[in-house]
Amino acid sequence: MADGRLLTITEVGEATGLQSSALRYYEREGLIKPAGRASGRRFYDEPVLQRLAVVSLLQEVGFTISEISELFNRRGKRRRWRSLAESKLGEIDTHLERVGAARELLTAALKCGCSSLETCDLVATRRGSHRKVTQTLTLRMGPPSA
């Protein structure tokens, strides 16, 4: 595809693995722009593939569509990128701390040896703190799958 021709939305979807509905959504959010339209069909320049690869990478590390749009469409992009990236790193570190604490607690519970959770000293020592931990994990990780 290095011939500089325009790509249809179907071709962009095939090249990226994205559905055309996702591409239209990205367009509405200002992440991509068609090079033009003919007979109601969108056509894109080849650089859209690189732009979509950037979007994918940013989503993979936890950026929202809104944050990505802000990065692409604001002045001072480099400064804003650094600010958002540093903030995202802080969020990831906080999440890793929570996951590490949850892992330690679960490991301790498995090693406990009590006959049941209802009589477990580990549970008794944590009584009252479960609501805050559960709410935090639920808000951060989302509700459990059914």
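The trypsin sites (Lys or Arg not before Pro) of the range 51-122 that DSSP puts in a loop, and whose beta carbon has at most 14 other beta carbons within 10 Å, are R74, R75. Each principal axis of the range 7-73 carries a Cα extent, and these read 36, 21, 19 Å when sorted largest first.
Read-outs throughout are calculated quantities, based only on the coordinates presented, and are distinct from any laboratory measurement. Please read all numbers here as calculations on a predicted model, not as lab measurements. Reconstructed Cβ throughout: ideal geometry from the backbone, glycine too, with neighbour counts over all protein chains shown.
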